[in-house]
Every structure is written in structure tokens, then in C-alpha cells.
Amino acid sequence: MRCEICGNKATTICPRCYRYVCERCVDPITTYCIDCSSFKRAQEEDYIRIVESLRKKIEFIEKSMERCFDCPLLKDEIMRSMRILKDLEIAAKSEGFESLHDRILSIKDKVQNIGINYLVKFKMKSLENK
């Protein structure tokens, strides 16, 4: 068989796209062909951008929690951030995105603590209003 990228003698099959590829056209880190590997790197970079955007959003929420506590969007944004991080953590583990996983772990506790603090304050406020 011939490499479906460069035409040299194929030595393996890409586990993502199942094309025959030679040693030169395989990324030794991902074991994907160079085309799939570049896609995977771009995907991880996109996920990292999402995490960094969440980091900024969480920093804003943390600074303005008291002032914005009664805003109905605050709770939704906190819960949304927690869900997105959970989904990205699952993707990072399944795809082997170590850098992404490290970034998620660096803010996961903060997001969870903000969520817990919000829910405690919300419950305390509702008990005070009774």
C-alpha cells in the first residue's frame, strides 16, 4: 500500500481517518496522520481559548458577586461555566489533551467554590425573607 498523503510506502493506518500513511506522515506524539494531528491541535487550541474566556468571566463574577447577586443571569452563568468545564474535562481526558486538562484543573475549584458560595448565599437570603 502507498501512503495516501505523500505516496511513499505505507507503514500504518491513521487511527482517526483510517488512511494508509508512511512514517514521515505520522505524528509520533498523537500517532495520527499529519492532517488529523493538525486538526487535533487546532481543536485543543479552541478548547483552551474557551477555558481562558471562562477564566476571565469567572474572575469578573468573583469580583462582582455581591453587587450582582440579585441578577438572574448570575446563577445561570455560574452553572453554565461549571457545565462547560465538566464537558471540556471529559473531552480533555478522552482525547489526551494534557495542556487543556491542566488549565481546566487550574480554575475548576474556583468555579465550584463560587457556585457553592452563590447557592449558600441564595439559600440564606431566601430563609431571611421568610
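The values are calculated or read from the model by the stated rules, or taken from the named source; none is laboratory data. As the structure is a prediction and not an experimental result, all values here were calculated from the model. Cβ placement follows ideal geometry from the backbone for every residue including glycine, while neighbour counts extend to all protein chains displayed. We work out accessible area using only protein heavy atoms, side chains counted, and drop any ligands, DNA or RNA first. Shrake-Rupley method; radii C 1.70, N 1.55, O 1.52, S 1.80 Å.
The table for this structure:
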{"quantity": "Trypsin sites (Lys or Arg not before Pro) within region 1-73, DSSP loop, no more than 12 other Cβ atoms inside 10 Å", "calculated": "Arg67"}
{"quantity": "Per residue solvent-accessible surface (Å²) - region 17-130, probe of 1.4 Å", "calculated": "66 Å²"}
{"quantity": "Accessible surface of the chain [probe 1.4 Å, protein heavy atoms]: carbon and sulfur percent", "calculated": "54 percent"}
{"quantity": "Under-5 Å amide H pairs with Thr12, H placed in peptide plane, nonlocal only", "calculated": "Val21"}
{"quantity": "Per DSSP, loop GluC sites (Glu not before Pro) in region 37-130 with at most 10 further Cβ within 10 Å", "calculated": "Glu66"}
{"quantity": "Sites matching chymotrypsin sites (Phe, Trp or Tyr not before Pro) across region 1-43 that sit in DSSP coil, with at most 11 neighbouring C-beta atoms within 10 Å", "calculated": "Tyr18"}
{"quantity": "Three-way shape call for the chain based on the alpha-carbon gyration tensor, with the a/c threshold at 1.5", "calculated": "prolate"}
{"quantity": "For Ile116, solvent-accessible area (1.4 Å; no DNA, RNA or ligand), Å²", "calculated": "100 Å²"}
{"quantity": "Linear extension gain, Glu98 paired with Glu23, 0.36 nm per residue minus alpha-carbon span", "calculated": "24.6 nm"}
{"quantity": "Net length gained if the chain between Ile116 and Cys71 were fully extended (0.36 nm per residue, minus Cα distance)", "calculated": "14.5 nm"}
{"quantity": "Helix axis angle, 98-128 relative to the chain longest principal axis, alpha carbon, degrees", "calculated": "20 degrees"}
